[in-house]
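Worksheet for the structure shown next.
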Amino acid sequence: MLYAFGFERVGVVVGDLYFVNPRAAQGQEGAEHGVRLELRLLARGALKGSAYSAQPIEIGQPVWRADLLESVEGPPGSFDRTHCHPAFNGWNPGRRVYLPEMSADPLGWLGGRLADLDGLLAAAGFPAGAAGPGDAESLRAAGSEIVDVTRRLLEKVRSGELGNPPRDESPDVVRAGWL
């Protein structure tokens, strides 16, 4: 399942995830599932019809990522694989950063990060001008709604409704989810 929150030039996408890291560090082997949230740049495409046509929308380059993940074999609520990627190299995430405060209170931590768009952009190496003039305020205003959606998705992962292995039986497929 994918949720998208769009503002002026940035947006947040949130979705369930099932993932097996092909290069897992020791102690991080095995499948993980949970919710992935990304801050992305947005762009409007040219209309493809009349003035009444649907607006093409590009959910573009990733800026920052939070992975509220747990090992599939571990206890629900452990957040033992919860981490963030403060920056990307193009479309590839930088290294996983594990923060004790993130695992202790992932939703509270997430709300705090979403309230600081300028800090997220700066840490990711993006100029402040990458966001629109009202994006920081809009993101702060929507922060509790984004956190609530994240909470609901986590509940669906824990119930087994979401965050499940891919239906494709190919051994090359290591993840399922939009993000």
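The values are calculated or read from the model by the stated rules, or taken from the named source; none is laboratory data. All values reported here derive from a predicted model rather than from experimental measurement. We place every Cβ from the backbone using ideal geometry, glycine too, and count neighbours over all the protein chains shown. We work out accessible area using only protein heavy atoms, side chains counted, and drop any ligands, DNA or RNA first. Shrake-Rupley method; radii C 1.70, N 1.55, O 1.52, S 1.80 Å.
Selection among Gly6, Tyr98, Gly27 by position relative to the dipole of the range 1-113 gives Gly6 as farthest towards the positive end (Cβ unit charges, Cα centre). Nonpolar atom fraction for the range 95-179, defined as the carbon and sulfur part of the 1.4 Å probe accessible area, stands at 51 percent. Volume per residue for the chain equals 142 cubic angstrom (convex hull of Cα atoms).
At full extension, Trp178 and Leu99 could sit 26.0 nm farther apart than now, given 0.36 nm per residue minus the alpha carbon distance. Hey, quick one: spin label on Ala130, modelled 7 Å out along Cα-Cβ, who in the range 67-101 has an amide N within reach, i.e. under 18 Å? Flagged as within label range: 67, 84-97. Using only Cα atoms, find the angle between the long axis of helix 135-159 and the longest principal axis of the chain, and express it within 0 to 90 degrees, rounded to the nearest 10. With rounding to tens, the tilt is 30 degrees. Length available on full extension from Glu8 to Ser78: 0.36 nm per residue minus the Cα-Cα distance, which gives 21.6 nm.
Label separation (Ala54 vs Arg140): 3.5 nm, computed from points 7 Å beyond Cα along the C-beta direction.
What shape does the range 86-142 take by its C-alpha gyration tensor, where a ≥ b ≥ c are the square roots of the eigenvalues and a/c under 1.5 counts as rounded, a/b above b/c as prolate, and the rest as oblate? Cα axes put the range 86-142 in the oblate bin.
If R0 equals 35 Å, the separation of the Cβ atoms of Lys156 and Leu47 corresponds to a calculated FRET efficiency of about 0.45.
Of the peptides 161-167, 80-86, the order by per-residue mean of other Cβ atoms within 10 Å, starting with the highest, comes out as 80-86, 161-167. Per residue, the range 1-115 exposes an accessible area of 50 Å² to a 1.4 Å probe, with every protein chain left in place.
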